[in-house]
Amino acid sequence: INLLHAKGLFAMTNMVVVAPGARSTLKQWPLPYFQEVVERLITHERVTVVLVGDSHDVEVCAAIESLVHSGHVINICNKINQKELAALMTIAPLVITNDSALMHFGHYYGTGVVAIFGPTNAQKYGMRDGRSRIIQSSRACVPCEKSNCPTQRECLYDVRPEDVLPHAIELLRKKHEI
């Protein structure tokens, strides 16, 4: 919790948590798409983006941090524990994530969640309520639930930043109205 205080996160009113990693690369939305969403939210919604994840996500979080040339990205990937992540989720209005544990974590703590699904069954694993949005390709092979992808993850490339942004903005604004 000291790191969250040191970074000033408890005082922020306009923050978005972004969890760009996933245990399986088959479930990971493309890095350039995350980069575009982060840049557009910073520019148009004036948010600070907090990058989170575990030791498997360090590389993707560092890549986003280095690609987004802004003072509005805080990378705390692999620097906080679950208790600190829980504290962060209670104050963040929104988390944008792949189909991952952080999707469930955000939902559990009442954070608005935009979850991007690839080959996994969103009906089975996704959260559906007023504060969650699931975005998934309408490709015929989805959900395939396969561990190998014959189409090179096209289902994830089908979900474009412009498909994610309206949902993120809606939930971000909705949370600020409460």
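Where a number appears in this text, it was derived from the coordinates with a stated rule and is not lab data. On a predicted model such as this, the values are computed, not experimentally measured, just so you know. When we count neighbours, we look across all protein chains shown, and the Cβ atoms used for this are built from the backbone with ideal geometry, even at glycine.
Values as computed for the structure displayed
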| quantity | calculated |
| --- | --- |
| Pair residue 2, residue 86: separation of 7 Å Cα→Cβ label points (nm) | 2.0 nm |
| All-pairs Cα distance distribution in the range 98-178, expressed in whole percent, bin size 10 Å | 18, 48, 27, 6, 0 |
| Rel. contact order, % - alpha carbon contacts under 8 angstrom, at least six apart, the range 67-144 | 23 percent |
| Segment residue 79-residue 23, length gained on full extension (0.36 nm per residue, minus Cα span) | 18.4 nm |
| Rg in Å to one decimal, and Dmax rounded to a whole Å, for the chain via C-alpha atoms | 15.1, 47 |
| Reach of residue 146 by Cα under 30 Å, taken over lysines that are not fewer than 8 positions away in the same chain | 27, 124 |
| Computed FRET value (nearest 0.05) for residue 140 with residue 14, which takes r as the C-beta separation and R₀ as 41 Å | 0.55 |
| Computed lengthening from residue 59 to residue 125, 0.36 nm per intervening residue step minus Cα-Cα distance | 21.2 nm |
| Projected label distance in nm at residue 158 and residue 108, using a 7 Å step from Cα toward the beta-carbon | 3.1 nm |
| Reachable aspartates and glutamates from residue 174, criterion Cα separation under 14 angstrom, eight or more residues apart if same chain | 45, 129 |
